[in-house]
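What follows is a short report on a single structure.
Please treat every number below as a calculation from the coordinates, not as lab data. What you are looking at is a predicted structure, and each value in this text was computed from that prediction instead of being measured. Note that we place each Cβ from the backbone using ideal geometry, even for glycine, and neighbour counts take in every protein chain shown.
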Amino acid sequence: MIDFTGSFPSWNIQVRVRCTKNKKKLKLADKEVLRQLGAPKSYIKKGFTCAARSYNILINKQGYAVANIIFDKNQLGINMVAHEAMHATFRILERANVVFCDESEEAFAYLHGAIVEMICKELKLIKK
């Protein structure tokens, strides 16, 4: 399993990404995050049934807001990375009480681009 965390210190956030072809590991990673979020047991039991998932924000021990994203490597592509990064971007900025509008559009675009680039480089979808 590929497992890495990208940090954006000026935003006080981290994006943790996990990616594997192994269905069992995908389900275990999914259950771990859902438990941390306090999801209902019935939802956790259902397991990972999609190509990728972006989760609500967790606060880690260092005080960083952490966005978790899990990808099924069998179905991985730049479009999927951009899609899940957009979910993470909205959740991160929503947590910071930044509402999407004309005045905040640049913040959303910048953060989204940074997350997509970080993930694509780590997963070798683009050259570093």
Trypsin sites (Lys or Arg not before Pro) within the stretch 30-65: which are DSSP loop residues with at most 10 other Cβ atoms inside 10 Å? LYS61
Top mean-square fluctuation among ILE59, ILE13, ILE70, Gaussian network model of the chain, C-alpha springs under 10 Å? ILE59
In degrees rounded to 10, the 0-90 angle between helix 105-122 Cα long axis and the longest Cα principal axis of the chain is 40 degrees
Between ALA88, ALA51, ALA65, where does the largest GNM mean-square fluctuation fall for the chain, given springs only between Cα atoms within less than 10 Å? ALA51
Go ahead and run the numbers for FRET between GLN75 and PHE4, Cβ-Cβ distance against an R0 of 30 Å, rounding to 0.05. 0.95
For a quick protection proxy, order the peptides 89-96, 74-81 by their average other-Cβ count within 10 Å, most packed first. 89-96, 74-81
Less than 14 Å Cβ to Cβ from VAL98, Lys/Arg counted +1 and Asp/Glu -1: what total charge do the surrounding residues give? -3
Listed by chain and number, the lysines with an alpha carbon less than 21 angstrom from that of LYS45, same-chain partners under 8 positions apart left out, are LYS21, LYS23, LYS24, LYS25, LYS27, LYS31
For the chain, modelled as a Gaussian network with Cα springs under 10 Å, which listed residue fluctuates most, CYS19, CYS50, CYS101? CYS101
Under the 0.36 nm per residue contour assumption, what length would be gained going from the current alpha-carbon distance of ALA107 and MET86 to full extension? 6.3 nm
Mind listing which chymotrypsin sites (Phe, Trp or Tyr not before Pro) in the stretch 32-72 are in a DSSP loop and have 14 or fewer other Cβ atoms within 10 Å? none
